[in-house]
Amino acid sequence: MNRFIAFSLAFTACCTAVFAQQATKPTIKRIPPEGVQVTDNDRDELGANLLALGKAIDGLKQRKDPFITNLLPDVQIYYKAVDYAIKYQEFFSQKDVAAGKKILLEGLARAKALADKQAPWATQKGEVVRGYISKIDGSVQPYGVTVPDNYSANGNAFDLSLWFHGRGETLGEVSFIAGGKGFAGSMPAMKNTIMLYPYGRYCNAFKFAGEVDVLEALADAKKKYKINENGLFDRGFSMGGAAAWHFAVHYPDMWLAANPGAGFAETVDFMDKFGHEKLNPTWYERKLWHYYDCTDYASNLSNLPLYAYNGDKDPQQQAADVMEIAMKNEGLKLNRIWGVNMGHGYTKSAAKTVDSLLAIEQAKGKNPPPAEIHFTTYTLKYNSMYWLEIDEILNNIEETTRIDAHIHVDSITIKTNGGSASAFSLILSKMPKRFKKGNKVIVSVDKDVFEVRIKSPNDTLKFHTNLTRWLEGPAGPLYLGRLVKKHNLQGPIDDAFMSAFIVVKPSGTSKSALFDKWSKSEMNRFIEQWRMQFRGDAIVKMDTEITEADMRSNLIAFGDAYSNKFIAKINDKLPLKFNDTAIILAKRSTYPTKNYGLAMIYPNPLNQEHYVVLNSGFTFREDAYLNNSKQIPMLPDWAIIDLRTPPDNVHPGAVKNAGFFDMQWKRRVMIVE
């Protein structure tokens, strides 16, 4: 039994225990928990080797050698793992302490080899831990791979299977690097396939920054190994099964096949039946469930071979149950594999069955792009599938956007179903039928018909609506000089933490003592919780230190126009703004800052390709740490917070008013108090 397998079995037991605790609705506890006390002797030994590794890394950085620079994250992961564990008391057992000592020696050995311009782990077969630098916060993040013995960098490209690990509240970097990649113990190895085990930035079900971690780790693995782009598998179990569902519906054209096991696929039904908690969302929270509720995106699975597994005695079969219903409503059948007399785990028989089914799909190869697609989304964040890309949505996250598209011999039919799509593109180079230069193609969009002459087989055909009829061409001229929501610039607040960001700290003090205390407390809480939940150190700068180069990151500013010089600089260009004593929502709607705070996301007026966020970090709080299905956006694009109600484990205060900006980033006239 290899170290991946052993850790996975421990995960299964841990996950079952954790969910059992959730069913009794526990009091809020710290996640990750406080670790064990480390003896003075152990601390001295760890500290000495950590210092030595840090000096070695500094020396390697000074070399300015591309070979060393490219491989340095493979060394830095060891330093960060032990540094965090010592600094924040995150050795969760004596076994972790021993593992910390061991991985420091591994890190020192890698540093020594790299100093000699050697990297034996880069060609190592079997289990290997690698690292990369994240674009989000500049942190080094680990991931694991299993490289088959028959892999050769000079040979054929290998397929790659992601395996998402289960929930583990004590899955710090030390235990992950030491062996906890999460591959199920009874699962056979896939032939001619590299296994990739993302860390996912800890225990967030591979959502938000955890989602980006998967994409960044995959991109890094493609640089380091010869990977077949058309041979990617999406797999996981328990919390990892939830991740597999999420990546299947949101990135359906990436995968050769998907294999979610147990887990969850949405929030409200799972919490009702499994968490034994009735959720009572606000109107905007209900809208925000659409972000990660996989049941809403079931139509996207029509061209993806998918095999869902669960034990017949596992309550988490609920995930496949609700997806089966959602898929049936789309005319799709869910392939289900059952472990007989099995709770929360895999049986050997079922594992072999899954392996056989995936091997058949592997032999057939990835399905080509289909001539007929049925694409559903609620947000421009997930705006494309195969040869269709949605460019604009009238009501991002608030309404269903559904496009049914069909390629015929010399025509294309598009049905928008009265949904929220207001502009879309057809990418000819990705279609199964290649239209040639000079071809005449009839494109029908609802009741509007266009005769299009193909100028190049690599053309992109664009269409937009003026709300009366569809027109050929991009929507840009319609909104020339205006802000428009678009892919990766559509909100809500949490979207700002899925790309590079900088925290902008106020140098002054707000006139309202209550507001000043609240905004600075929220800032400090966010910085701390970012490290704990997403395993990175947020980049923090004073408002007086922000440069033009910083405008290429999302700027997360705390305070108001009186306390924060950066907010003062952009205040007049924001749709909700501060004056000396109040937050101005509209001419006749103001909220005095002596009692109220403002949280908001908006394109930065000084660089409209990036966000500015006021007074908020990621919006789910401690209550959601207890159950991954609740780790979802909790605030829309803007919110007025009544500070007379202190922040708690769910909200940053009492939300007095909140809403989404419209397609042009304008606040809607209607105000809901």
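The values are calculated or read from the model by the stated rules, or taken from the named source; none is laboratory data. Only a predicted model underlies this, so the values are computations on that prediction, with no experimental measurement involved. Note: ideal-geometry Cβ built from the backbone for every residue, glycine included; neighbour counts use all protein chains shown. Only protein heavy atoms, including side chains, enter the accessible area calculation; ligands, DNA and RNA are left aside. Shrake-Rupley method; radii C 1.70, N 1.55, O 1.52, S 1.80 Å.
With the largest listed first and rounded to whole Å, the semi-axes of the equivalent ellipsoid of segment 454-593 from the Cα gyration tensor are 36, 22, 13. Round to a whole angstrom and tell me the spacing of the C-alpha centers of segment 370-400 and segment 580-615. Using only Cα atoms to place each centre, the spacing works out to 30 Å. If you plug the beta carbon distance of Thr39 and Gln124 into 1/(1 + (r/R0)^6) with R0 = 45 Å, you get a FRET efficiency near 0.85. Each 10 Å bin from zero up to the one holding the largest Cα-Cα distance in segment 201-291 carries the following percent of pairs: 15, 41, 31, 10, 3.
Can you pull the percent of Cα pairs in segment 330-380 with separation above 17 Å? Every Cα pair in segment 330-380 considered, those over 17 Å come to 61 percent.
The alpha carbons of segment 23-178 occupy a box of 54, 38, 29 Å along the principal axes, longest dimension given first. Relative to the current alpha-carbon distance between Lys348 and Glu330, full extension at 0.36 nm per residue lengthens the span by 3.3 nm. Each listed q (0.10 Å⁻¹) maps to a log10 I(q)/I(0) for segment 431-529 from the Debye sum over equal C-alpha point scatterers, namely -0.58.
Listed by chain and number, the aspartates and glutamates whose alpha-carbon sits under 16 Å from that of Lys328, ignoring those within fewer than 8 places in the same chain, are Asp296. Computed over the Cα atoms of segment 549-644, the ratio of the radius of gyration to the Kirkwood radius (Rg/Rh) comes to 1.00.
Which value, in Å³ per residue, describes the convex hull spanned by the Cα atoms of segment 408-450?
On the way: hull volume 3.9 nm³, N = 43.
With only Cα atoms used, segment 408-450 gives 90 Å³ per residue.
One compactness figure for segment 297-416 is 1.29, namely its Cα radius of gyration divided by 2.2 N^0.38 Å. Taking each DSSP H run with n ≥ 4 as -39500 (n - 2.57) and averaging over every residue of the chain yields -9000 deg cm²/dmol at 222 nm. Which GluC sites (Glu not before Pro) from segment 507-592 combine a DSSP loop assignment with at most 13 other Cβ atoms within 10 Å? Sites meeting the loop and neighbour criteria: Glu548. With coordinates expressed along the principal axes, the C-alpha atoms belonging to segment 140-266 extend over 40, 32, 29 Å, beginning with the largest. Accessible surface area normalised per residue over the chain is 39 Å², counting heavy atoms of protein chains with a 1.4 Å rolling probe.
Tell me, what % of the accessible area of segment 340-394 is carbon and sulfur with a 1.4 angstrom probe? Here carbon and sulfur together make up 54 percent of the probe-accessible area.
Just need the relative contact order of segment 270-381 here, percent rounded to a whole number, with Cα pairs under 8 Å and 6+ apart. Write out the running numbers ahead of the final one.
Details: 115 pairs, mean separation 34.1, N = 112.
Across segment 270-381, relative contact order equals 30 percent.
Report the trypsin sites (Lys or Arg not before Pro) located in segment 587-669 that are in a DSSP loop and have at most 16 other Cβ atoms inside 10 Å of their Cβ, or state none. Numbers along the way, then the final one.
Working: sites: Lys587, Arg588, Lys594, Arg621, Lys630, Arg644, Lys656, Lys666, Arg667, Arg668; in loops: Lys587, Arg588, Lys594, Arg621, Arg644, Lys666, Arg668.
Here the sparse-neighbourhood loop sites are Lys587, Arg588, Lys594, Arg644, Lys666, Arg668.
State, as an integer percentage, the relative contact order of the chain based on alpha-carbon contacts under 8 Å between residues 6 or more apart.
Numbers: 1444 pairs, mean separation 71.1, N = 673.
This gives 11 percent for the chain.
With 28 Å as the limit on Cα-Cα distance, the pairs of Lys64/Lys505; Lys207/Lys273; Lys207/Lys511; Lys222/Lys366; Lys222/Lys381; Lys207/Lys485 that go past it are Lys64/Lys505; Lys207/Lys511. For segment 229-374, the alpha carbon positions stretch 47, 40, 25 Å along the principal axes, listed from largest to smallest. When semi-axes √(5λ) of the Cα gyration tensor in Å is computed from the coordinates, the matching label among (1) 94, 28, 20; (2) 37, 35, 25; (3) 43, 36, 22 is (2).
Pairs to check: Lys226/Lys433; Lys223/Lys433; Lys125/Lys223; Lys415/Lys666. Give those whose C-alpha atoms are more than 20 Å from each other in this structure. Too far apart for the 20 Å limit: Lys226/Lys433; Lys223/Lys433; Lys415/Lys666. Stokes-Einstein diffusion for segment 250-312, with the hydrodynamic radius set to the Kirkwood value over Cα pairs and evaluated at 25 °C in a medium of 0.890 mPa s, equals 182 µm²/s.
A Förster distance of 41 Å, applied to the separation of the beta-carbon atoms of Asp410 and Ala359, puts the FRET efficiency at 0.60. Couplings 3J(HN,Hα) of segment 507-519, computed from phi: 8, x, 10, 5, 5, 8, 5, 5, 4, 4, 5, 5, 5 Hz, in residue order, whole Hz [Karplus 6.51 cos²θ - 1.76 cosθ + 1.60, θ = phi - 60°; x for Gly and Pro].
Please quote Rg/Rh for segment 620-673 to two decimal places, taking the Kirkwood radius as Rh and restricting both calculations to Cα atoms.
Numbers: Rg = 13.1 Å, Rh = 12.5 Å.
Dividing the radius of gyration by the Kirkwood radius yields 1.05.
Cross-link reach is defined here as a Cα-Cα straight distance under 15 Å, omitting same-chain residues fewer than 8 places apart; for Lys462 the aspartates and glutamates meeting it are Glu389, Asp391, Glu392, Asp446, Asp448, Glu451, Glu472. Remark: spin-label model distance Thr544-Leu279 equals 4.5 nm, labels positioned 7 Å along the Cα→Cβ axis.
So, with +1 on the Cβ of K and R and -1 on the Cβ of D and E, and no other charges, what is the size of the charge dipole of the chain about its Cα centre, to the nearest 20 debye? It would help to have the intermediate numbers written out before the result.
Numbers: 82 positive and 74 negative charges, 191 e Å.
Roughly 920 debye for the chain.
Distance from the Cα centroid of segment 254-284 to that of segment 513-553 is 31 Å (rounded to whole angstrom). Got a number for carbon plus sulfur as a percent of segment 136-213's accessible area, 1.4 Å probe? For segment 136-213, the apolar C and S fraction of the accessible surface comes to 48 percent.
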